[in-house]
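Notes for the one structure printed next.
What follows is calculated from the coordinates using simple rules that are stated; it is not laboratory data. Keep in mind that this is a model prediction, so the values were computed, not measured. Positions of Cβ are backbone-derived with ideal geometry, glycine not excepted, and every protein chain shown enters the neighbour counts.
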Amino acid sequence: MDIIFLRGLRVETVIGIHDWEKEIRQPVVLDLEMSADVAKAAAGDRIEDTLDYRAVSKRLKQFVGESRVDLVETLAERCAGIIRKEFGVRWVRLSLNKLGAVSDAADVGVVIERGERD
């Protein structure tokens, strides 16, 4: 199994359990590892033969930017579902960081893995 990764995808969204959080946009950062077979793309040098990380990025930015959820867990699960269903990815590891959620912590969030590794 090969892995295509995307790190540090920053998107502003409405997320949080507190009333004040439902009225503002806050940054989240996504890091992704997605299973792929890059051999065919490497041999033919064609974007059509691989997982297009730019298309994944664009779709997640659109989805997350329009989302309104309470929990990082919910947003992470929905993003993983999009990646698997819309892009045909068998396995994804997704980290979602809610920047500034805890004042004394550098990072706060979740890491989930969905699907099966080859």
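Quick one: work out the % antiparallel among DSSP beta bridges in the chain, nearest 5.
Of all bridge pairs located within the chain, approximately 90 percent are antiparallel.
Among 33-39, 57-63, 100-106, what's the highest-first ranking by average C-beta atoms within 10 angstrom per residue?
For the peptides 33-39, 57-63, 100-106, the packing ranking is 33-39, 57-63, 100-106.
Whole-Hz ³J(HN,Hα) for each residue in region 18-28, computed from phi via Karplus 6.51 cos²θ - 1.76 cosθ + 1.60 with θ = phi - 60°, x for glycine and proline: what do you get?
8, 3, 5, 6, 6, 10, 10, 9, 10, x, 10
Would you calculate a helix-derived [θ] at 222 nm for the chain, using -39,500 (n - 2.57) for each DSSP H run of n ≥ 4 and dividing by the full residue count, to the nearest 500?
Rounded to the nearest 500, it is -9500 deg cm²/dmol.
What are the extents of the Cα atoms of region 11-118 along their three principal axes, listed from largest to smallest and rounded to whole Å?
For region 11-118, the Cα extents along the three principal axes come out at 51, 23, 22 Å.
Note the angle between two axes, namely the Cα long axis of helix 53-66 and the longest principal axis of the Cα atoms of the chain, as a number of degrees from 0 to 90, rounded to the nearest 10.
20
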